[in-house]
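Trainee: Structure incoming, see below.
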Amino acid sequence: MSWIVLILSGVLEAVWATALGRSQGLTKLWPSVVFAVGLVASMAGLAWAMREIPTGTAYAVWVGIGAALTVAYAMATGAEPVSWIKTLLILGLVACVIGLKLVTDPGH
């Protein structure tokens with residue numbers, strides 16, 4: 001269950017990061033609200049998952065998921081240019097996240 005919560009928290013990291021960018025320095029109300037709610041929910045989920053998943057692994061997975069989704073969303077919406085190298089690097093991030101799950105001690 002902690003891995004599911006961690007993955008959802010990583011998704012929420014992408015949500016709050018994107019909302020922060022759209023808030024124009026927290027000057028736009030609704031993106032700022034989405035940022036604040038997403039940030040609190042994402043951090044709470046990360047904290048909950050870290051009760052069972054080692055801190056280094058949990059943080060790396062959380063950041064990796066958030067970063068990959070944030071860049072992928074920006075490329076999909078045209079906010080950031082698409083390139084084959086960026087796509088390859090995002091896939092590398094995803095592979096590393098999967099790798100961390102596979103090598104995590106089953107006792108955690």
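The values are calculated or read from the model by the stated rules, or taken from the named source; none is laboratory data. Remember, predicted model here, so these are calculated numbers, not experimental data. Virtual Cβ from ideal backbone geometry, glycine too; neighbours counted across all protein chains shown.
Trainee: Taking segment 85-96 as the search range and keeping residues that are over 18 Å from S9 (Cβ atoms) and surrounded by 15 or more Cβ atoms within 10 Å (Cβ to Cβ), which one is nearest to the chain's Cα centre (by Cα)?
Mentor: Applying the filter and picking the extreme gives I90.
Trainee: Given the residues R51, R22, which is the only one that is in contact (Cβ under 8 Å) with a residue 24 or more places away in the chain and not hydrophobic (A, V, I, L, M, F, W, C)?
Mentor: On inspection, the qualifying residue turns out to be R51.
Trainee: Going residue by residue through segment 62-69, is there one that turns out to be hydrophobic (A, V, I, L, M, F, W, C) and at pLDDT below 95? Working first, answer last.
Mentor: Narrowing segment 62-69 to residues hydrophobic (A, V, I, L, M, F, W, C): 62-63, 65, 67-69.
With the extra rule that they be at pLDDT below 95, the set shrinks to none.
Within segment 62-69, not a single residue is hydrophobic (A, V, I, L, M, F, W, C) and at pLDDT below 95.
Trainee: Given (1) surrounded by 15 or more Cβ atoms within 10 Å (Cβ to Cβ); (2) more than 14 Å from the chain's Cα centre (by Cα); (3) more than 17 Å from V5 (Cβ to Cβ); (4) hydrophobic (A, V, I, L, M, F, W, C), where does V82 come up short, assuming only one miss?
Mentor: Here V82 clears every test but (1).
Trainee: Now a separate question. Does V71 qualify as being among the aliphatic types (A, V, I, L, M) and under 21 Å from T104 (Cβ atoms)?
Mentor: Spelling it out, it is not the case that V71 is among the aliphatic types (A, V, I, L, M) and under 21 Å from T104 (Cβ atoms).
Trainee: If you go through segment 7-33, how many residues are part of a helix (DSSP H, G or I), over 15 Å from the mean Cα position of the chain (by Cα) and surrounded by 15 or more Cβ atoms within 10 Å (Cβ to Cβ)? Reasoning before the result, please.
Mentor: Residues of segment 7-33 part of a helix (DSSP H, G or I): 7-22, 29-33.
Cutting the leftovers down to over 15 Å from the mean Cα position of the chain (by Cα) gives us 22, 29-33.
With surrounded by 15 or more Cβ atoms within 10 Å (Cβ to Cβ) added as a condition, the list becomes 31-32.
Residues flagged as part of a helix (DSSP H, G or I), over 15 Å from the mean Cα position of the chain (by Cα) and surrounded by 15 or more Cβ atoms within 10 Å (Cβ to Cβ) within segment 7-33 amount to 2.
Trainee: From W62, W16, W30, which residue is without any contact (Cβ under 8 Å) to a residue 60 or more places away in the chain and out of contact with any helix residue (DSSP H, G or I) (no Cβ under 7 Å at 6 or more places or on another chain)?
Mentor: Working: W62 fails: out of contact with any helix residue (DSSP H, G or I) (no Cβ under 7 Å at 6 or more places or on another chain); W16 fails: out of contact with any helix residue (DSSP H, G or I) (no Cβ under 7 Å at 6 or more places or on another chain).
Among W62, W16, W30, only W30 is without any contact (Cβ under 8 Å) to a residue 60 or more places away in the chain and out of contact with any helix residue (DSSP H, G or I) (no Cβ under 7 Å at 6 or more places or on another chain).
Trainee: Show the residue pairs meeting these rules: Cβ distance below 7 Å; 6+ apart or different chains; first residue within segment 67-96 and over 23 Å from S42 (Cα atoms); second residue hydrophobic (A, V, I, L, M, F, W, C) and part of a helix (DSSP H, G or I).
Mentor: E80/V71; E80/A74; V82/M75; K86/V71; K86/M75
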